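Remarks on the structure that follows.
The values are calculated or read from the model by the stated rules, or taken from the named source; none is laboratory data. None of these values were measured; they are calculated from a predicted model. Every residue, glycine among them, receives a Cβ derived from its backbone with ideal geometry; neighbour counts consider all protein chains shown.
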Amino acid sequence: MNSESRSQINPSAHAAPRPRRVVARVVAACSAVGLAAIGIAAVIEPWAETRALVIARGSGWLACGALLTSLCITPLSRLAERLTVAPRARRLAPVVRRALGMASAWLALLHAAVSLAGPLDLELLPLATWPHLRAGASALCVLLLLLATSYGSVVTRLRLTMFRELHRLAFVAAALVLQHALLSAYASRQLVLGVFGAALLFGLLRWLPTKGRLAHTEFK
């Protein structure tokens, strides 16, 4: 598979290495700041038994935020392009979306590990019997699949030709995360519905016509 065909499969392959590294570092730095804030909140927690719960909930919200933001990147880039705020936003969108998606997978893995070691006390049975944990574990499996196929070397070795279609599973992961959060006793349903509702509203901008398409329809 040559570089041109890889670029057609994975849109972020068009991006130069420098912008990709910069975006990845910015996303990693933001994730580190968020985790540091969660760590501070856990340290000042007066009850030792709830410190792991604070970290688990915090990392879960970080993972959810990264996932939903990644799904909003394309709609926001189209809006920015239409408003001429950032004419090159659409070109950079796949790079930002990829970085946020990968961050959401790593944060979700951390959330699962902390939850398993802390509140669940290394018990695996609840993952299959409790509905919200089953949904969360399913979402993690989808995110890890998307994480593995976000690397160009993996895509090349597996000869994946349906990269775009495969990564639409991110919407399935978001639906599973929504179910996980709504069924959880530790998450505010009003907050969950508000966050996902806002993401859905931004997602509607996905069907906003681009300038080229709009000009084509005007002169048709």
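With respect to the numbered conditions (1) closer than 23 Å to Ser31 by Cα; (2) in contact (Cβ under 8 Å) with a residue 12 or more places away in the chain; (3) among the hydrophobic types (A, V, I, L, M, F, W, C), which one is the sole condition not fulfilled by Leu133?
In the conditions (1) closer than 23 Å to Ser31 by Cα; (2) in contact (Cβ under 8 Å) with a residue 12 or more places away in the chain; (3) among the hydrophobic types (A, V, I, L, M, F, W, C), Leu133 misses (1) alone.
Go through region 124-133 and count every residue that is part of a loop (DSSP other than H, G, I, E, B) and not aromatic (Phe, Trp, Tyr).
Qualifying residue count, region 124-133: 2.
Could you pull out the residue among Gln190, Gln179 that is polar (S, T, N, Q) and surrounded by 16 or more Cβ atoms within 10 Å (Cβ to Cβ)? It would help to see each step written out before you state the result.
Working: Gln190 fails: surrounded by 16 or more Cβ atoms within 10 Å (Cβ to Cβ).
After applying the criteria, what remains is Gln179.
Conditions tested, residue by residue: (1) buried (at least 20 other Cβ atoms within 10 Å of the Cβ); (2) assigned to a helix (DSSP H, G or I); (3) touching a Gly at 6+ places or on another chain (Cβ under 7 Å); (4) without any contact (Cβ under 8 Å) to a residue 40 or more places away in the chain.
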residue: Ser115; (1), (2), (3), (4): yes, yes, no, no
residue: Leu122; (1), (2), (3), (4): no, no, no, yes
residue: Cys141; (1), (2), (3), (4): no, yes, no, yes
residue: Leu147; (1), (2), (3), (4): no, yes, no, no
residue: Thr156; (1), (2), (3), (4): no, yes, no, no
residue: Val172; (1), (2), (3), (4): no, yes, no, yes
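The conditions are (1) more than 22 Å from the chain's Cα centre (by Cα); (2) closer than 22 Å to Gly203 by Cβ, and Thr69 fails exactly one of them. Which is it?
Checking Thr69 against (1) more than 22 Å from the chain's Cα centre (by Cα); (2) closer than 22 Å to Gly203 by Cβ, the one that fails is (1).
Being more than 26 Å from Arg91 (Cα to Cα) and touching a residue at least 12 places away in the same chain (Cβ under 8 Å) is the filter; apply it to region 16-36 and report the residue that is surrounded by the fewest Cβ atoms within 10 Å (Cβ to Cβ).
Among those residues, the one meeting the criterion is Leu35.
Is one or more of the residues making up region 154-174 aliphatic (A, V, I, L, M), within 15 Å of the chain's Cα centre (by Cα), at pLDDT 95 or above and under 16 Å from Arg57 (Cβ atoms)?
There is no residue in region 154-174 that is aliphatic (A, V, I, L, M), within 15 Å of the chain's Cα centre (by Cα), at pLDDT 95 or above and under 16 Å from Arg57 (Cβ atoms).
Residues are listed down the side, and each one gets a yes or a no for (1) of a type in the set (Asp, Glu); (2) under 21 Å from Ser104 (Cα atoms); (3) at pLDDT 90 or above; (4) part of a helix (DSSP H, G or I):
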residue	(1), (2), (3), (4)
Gln179	no, yes, yes, yes
Ala185	no, no, no, no
Ala199	no, yes, yes, yes
Ala215	no, no, no, yes
Lys220	no, no, no, no
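Quick one: is Leu146 modelled with pLDDT under 90 and touching a Leu at 6+ places or on another chain (Cβ under 9 Å)?
So Leu146 fails the test.
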